[in-house]
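Below: one structure, written as structure tokens.
Values quoted throughout were computed directly from the atomic coordinates according to the rules given, and no laboratory measurement underlies them. This is a predicted model, so every value here is computed, not measured. For neighbour counting, all protein chains shown are included, and Cβ atoms are generated from backbone atoms with ideal geometry for every residue, glycine included.
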Amino acid sequence: MYKESSPSVIKPTQSAELFITDQDDFAIATKNVEQGLVQEPIWHNAKQLKSVDPVYPSVAKRKGIEIEVKVNFTIDVNGQIKDIQFARQNKINYFKNSIRSAIEQWRFLPAKVDDQPVESQMSKVFAFSLQS
């Protein structure tokens, strides 16, 4: 039996660089931030539109292997999955193809910063258990 868990959002690190040429510019920049005149970007998480569950690999079932597999991946600006990475652990090779095949079918509305689509990272734990 495969148990579903929700994907975890990992927001990209965003930093705004402020170039200050003299003390007066620093004072103006500091005052603008304090007064709220400089806005933080508005972030919207990616939203999952389509999800496909992985199949419990038959060889792993026959061998009685139960496992939780953590997977990190990127959602591109078109809402598709790329850069699938698996946490290193024993016996994971039995499950990689099944998980990869399922994840590659997922679709998302991409994350947005100030209404512009951006890549974002997510992680998910897949739990494979023989208990029903």
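Listing for the model above:
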{"item": "Exposure proxy ranking, count of Cβ atoms within 10 Å, fewest first, for VAL113, VAL59", "result": "VAL59, VAL113"}
{"item": "Proxy reagent accessibility, fewest Cβ within 10 Å first, across ILE84, ILE75, ILE65, ILE99", "result": "ILE84, ILE65, ILE99, ILE75"}
{"item": "Rounded, prolate or oblate (a/c below 1.5 giving rounded, otherwise prolate when a/b exceeds b/c) for region 53-120 by Cα gyration tensor", "result": "prolate"}
{"item": "Ranking of ARG107, ARG62 by count of other Cβ atoms within 10 Å, fewest first", "result": "ARG62, ARG107"}
